[in-house]
Amino acid sequence: MTITPHLFAAYLRCPTKCWLRHTGEAASGNAYAEWVSAQDEASRVEGISRLIAGFPGGSCVLAPPTESLKTATWRFAVDLVAQTANTETRIPVIERVPSEGRGKAAQFVPVRFVWRNKLHRDDKLLLTFDALALSETLGREIPVGKIVHGDQHATVKVKLSALVSEVRKLIEKAVALLASPSPPDLVLNRHCAECEFQARCRQKAVEKDDLSLLSSMSEQERKDLRGRGIFTVTQLSYTFRPRRRPKHLRDKREKYHHALKALAMREKKTYVVGIPEFKLERTPVYLDVEALPDTDFYYLIGVRVSAAEGVVHRSFWADEIGDMVTIWEGFLSLLVELDRPCLIHYGSFETIFLKQMRARFGGP
């Protein structure tokens, strides 16, 4: 069984995705997944061009045979194919660093290109995957690799020794997965939103009434429920029993009930635990912020306010990063005009926004 970077990257996100790619399952389509694929390819092509632009023709070679690596004299090799017993990879660029003294071998540094400004751990694991294949081909350790990433083409050196053992284990697990005659258990996860098999897996999960439809439930919680004979959302929904809270717990926050969420899904209703009390003695300001999280570029602040003339909507747009201070000042100017404004938002994203914008541009 041969593991490629395409399969390895899929396994890091979801075993089912790895299995579907391996078996040639037709993708159901996902606009974001297609966009990411295009970004990856564009980053690779541009990165290679920028890296080798300043070197004469003889310093760069295309797809050299691995048998000649030890006697090579080039500086950069593009699209080198490295194969081992279980892996095969096409390394975008290998930089050859000449030896610093007589009797010392030249160093080979694999290079990967990532379009995102913020690196993920998976990027380093994929670089280590390349290095591991190259290491076994050369018969010696590859201690360091490089990742060129983001709009500014920043270069990060990655020490690979700490990741080699983990990557070996992941490769072994992927090989065992693909060697099995049956697919892995389907589990929806956070990666589904950006996966080309999203619609297919969602449909399967709905047909099975799978517990992973409850996105906030952990794998351990699902395992515990299966141990109790509960395998579906419908089965879990029948276990919910509303109980009167003890007096000493009435002032504490109610815990999250997966069974109540299951009941809401089964009956297609919204349930609220306890008696909700909303004391909005100040002016409510409903806040929603949009950003490119990869760059911390907040490009839209959306506000909804109840005023004397009715509901007022305001949108503050930033066309580029330099405009963020303008939309921040516009947002603060709006709040100043209100009588004791109270910001209402969903989740922690807006809280982080407020802290970051105050740190950057100041504010109350």
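The values are calculated or read from the model by the stated rules, or taken from the named source; none is laboratory data. Bear in mind that the values here come from a model prediction, so they are computed numbers and not experimental data. A quick note on method: Cβ atoms are made from the backbone with ideal geometry, for glycine too, and the neighbour counts reach across all protein chains shown. The accessibility values were calculated without ligands, DNA or RNA, using every heavy atom of the protein model including side chains. Shrake-Rupley method; radii C 1.70, N 1.55, O 1.52, S 1.80 Å.
Coordinate range of the alpha-carbon atoms in the stretch 180-229 per principal axis, descending: 33, 29, 19 Å. Rg/Rh for the stretch 226-364 (Cα atoms only, Rh after Kirkwood) is 1.11. For the stretch 40-46, backbone phi angles converted through the Karplus equation (6.51, -1.76, 1.60; θ = phi - 60°) give residue-by-residue couplings of 4, 5, 5, 5, 5, 5, 5 Hz, Gly and Pro being listed as x. With every protein chain in place and a 1.4 angstrom probe, the accessible-area ranking of Ser306, Ser212, largest first, reads Ser306, Ser212. Within the listed set Phe76, Phe197, Phe55, the residue fluctuating most in the Gaussian network model of the chain (springs between alpha-carbon atoms under 10 angstrom) is Phe55. Taking 13 Å as the straight-line reach from the Cα of Lys255, none of the aspartates and glutamates fall in range once those fewer than 8 positions away in the same chain are excluded. In the context of the full protein assembly, Thr89 retains an accessible surface of approximately 0 Å², using a probe radius of 1.4 Å and ignoring ligands and nucleic acids.
What accessible area per residue comes out for the stretch 49-168, rounded to a whole number of Å², with a 1.4 Å probe?
Working: 6250 Å² over 120 residues.
Each residue of the stretch 49-168 exposes 52 Å² on average to a 1.4 Å probe.
Calculate how many DSSP beta bridges within the chain are antiparallel, expressed in % of all such bridges and rounded to the nearest 5. Just about 75 percent of them are antiparallel. Separation of the stretch 335-356 from the stretch 18-75 is 44 Å, based on Cα centroids. Can you give the local net charge around Gln356? Use residues other than it whose beta-carbon is closer than 12 angstrom to its beta-carbon, Lys and Arg +1, Asp and Glu -1. Result for the local shell: +1. These residues, Asp185, Asp323, go from largest to smallest accessible area, 1.4 Å probe, as Asp185, Asp323. Shape descriptor for the stretch 113-264: Rg over Rh equals 1.12 (Cα atoms; Rh from the Kirkwood inverse mean 1/r). Structure remark: mean-square fluctuation, Gaussian network model of the chain, C-alpha springs under 10 Å; the largest value among Leu214, Leu125, Leu160 belongs to Leu214. Compactness check for the stretch 149-214: Cα Rg over 2.2 N^0.38 Å is 1.61. The separation of the stretch 237-274 from the stretch 305-334, counted between C-alpha centres, amounts to 38 Å. Excluding the site residues themselves, the longest part of the chain lacking any trypsin sites (Lys or Arg not before Pro) in a DSSP loop with at most 12 other Cβ atoms within 10 Å is 119-227.
Once both labels are positioned 7 Å from their Cα atoms along Cα-to-Cβ, the gap between Asn189 and Ser348 label points is 2.0 nm.
So which of Lys173/Lys223; Lys223/Lys268; Lys118/Lys173; Lys17/Lys124 end up more than 22 Å apart, counting from Cα to Cα?
Working: Lys173/Lys223 20 Å; Lys223/Lys268 25 Å; Lys118/Lys173 27 Å; Lys17/Lys124 20 Å.
Lys223/Lys268; Lys118/Lys173, as the Cα separations exceed 22 Å there.
Ellipticity at 222 nm from helices only: DSSP H runs of n ≥ 4 in the chain, each -39500 (n - 2.57), divided by the residue count, give -12000 deg cm²/dmol.
Would you list His191, His6 from the most to the least accessible area, probe 1.4 Å? Please report the intermediate quantities before stating the final value.
Details: His191 25, His6 110 Å².
Descending accessible area places them as His6, His191.
With springs connecting C-alpha atoms under 10 Å apart, model the chain as a Gaussian network and identify which of Leu20, Leu62, Leu213 has the largest mean-square fluctuation. Top of the fluctuation ranking is Leu62.
If you average 1/r over every pair of different alpha-carbon atoms in the chain and take one over that average, what Kirkwood value in Å do you get?
Values: mean 1/r = 0.0397 Å⁻¹.
Result for the chain, one decimal place: 25.2 Å.
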